[in-house]
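A short write-up of the structure that comes next.
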């Protein structure tokens, strides 16, 4: 069970703080159920979810050390672009990766879509809206979790990664 104040990754919402644990009564069934009250860090809303729910993914955010290791490993990530002219296939492919809720998979996904975008620009081709939408979703989830783990503002994550990789490159 997560504790009040703890940061968790909640489904496709991203990083949330556990604001409270609240017991809800259901007079019609006589049932009582314990709920997490979650406040997303990057959205203005409150989410109520049963503690014993298995319908939506929830896990603790990665640690600072895991975030640093993930960033340090970026130069070794193998980028494989996924192409399909059928937007449904493209959507299913990207959705399957997002459902992993894994930061390493998000790094690979953002890098592969970004590489695809660069390739399209070089060929003076139009970059697809499905690709663009999933690049934004993956970046939002990844940068949100990295920001929380590293305790920096989300809009500074990209610069943080670039400076870390530049430092590692200069040292190596």
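Considering (1) part of a helix (DSSP H, G or I); (2) at pLDDT 95 or above, say which one residue 152 fails and leave the rest.
(1)
How about the stretch 79-94: which of its residues are in contact (Cβ under 8 Å) with a residue 12 or more places away in the chain and part of a helix (DSSP H, G or I)? Break it down stepwise before answering.
If we filter the stretch 79-94 for residues that are in contact (Cβ under 8 Å) with a residue 12 or more places away in the chain, which is where we start, we get 79-83, 87, 90-91, 94.
If the condition is that a residue be in contact (Cβ under 8 Å) with a residue 12 or more places away in the chain and part of a helix (DSSP H, G or I), then 87, 90, 91, 94 are the ones that fit.
Among the residues of the stretch 1-24, how many are assigned to a strand (DSSP E or B) and surrounded by fewer than 10 Cβ atoms within 10 Å (Cβ to Cβ)?
Of the stretch 1-24, the ones assigned to a strand (DSSP E or B) are 7-10, 14-24.
Checking the rest, the ones that are also surrounded by fewer than 10 Cβ atoms within 10 Å (Cβ to Cβ) come to 23.
Number satisfying all stated conditions: 1.
Test residue 43 against the criterion of being part of a loop (DSSP other than H, G, I, E, B), under 20 Å from the mean Cα position of the chain (by Cα) and either loosely packed, with under 15 Cβ neighbours inside 10 Å or without any contact (Cβ under 8 Å) to a residue 24 or more places away in the chain (or both), and give yes or no. Can you show your working first?
Numbers: part of a loop (DSSP other than H, G, I, E, B): yes; under 20 Å from the mean Cα position of the chain (by Cα): yes; either loosely packed, with under 15 Cβ neighbours inside 10 Å or without any contact (Cβ under 8 Å) to a residue 24 or more places away in the chain (or both): yes.
When the stated conditions are applied, residue 43 passes them.
Could we say that residue 68 is in the same structural domain as residue 149 (by TED's automatic domain parsing) and surrounded by 15 or more Cβ atoms within 10 Å (Cβ to Cβ) here?
On the way: in the same structural domain as residue 149 (by TED's automatic domain parsing): yes; surrounded by 15 or more Cβ atoms within 10 Å (Cβ to Cβ): yes.
Against the criterion (in the same structural domain as residue 149 (by TED's automatic domain parsing) and surrounded by 15 or more Cβ atoms within 10 Å (Cβ to Cβ)), residue 68 qualifies.
Just give me the residues in the stretch 46-65 being more than 12 Å from residue 7 (Cα to Cα), modelled with pLDDT of 95 or more and assigned to a loop (DSSP other than H, G, I, E, B), in sequence order.
46
The values are calculated or read from the model by the stated rules, or taken from the named source; none is laboratory data. Here the structure is a predicted model, which means the values were calculated and not measured. In this analysis, Cβ positions are derived from the backbone assuming ideal geometry, glycine residues included, and neighbour counts consider all displayed protein chains.
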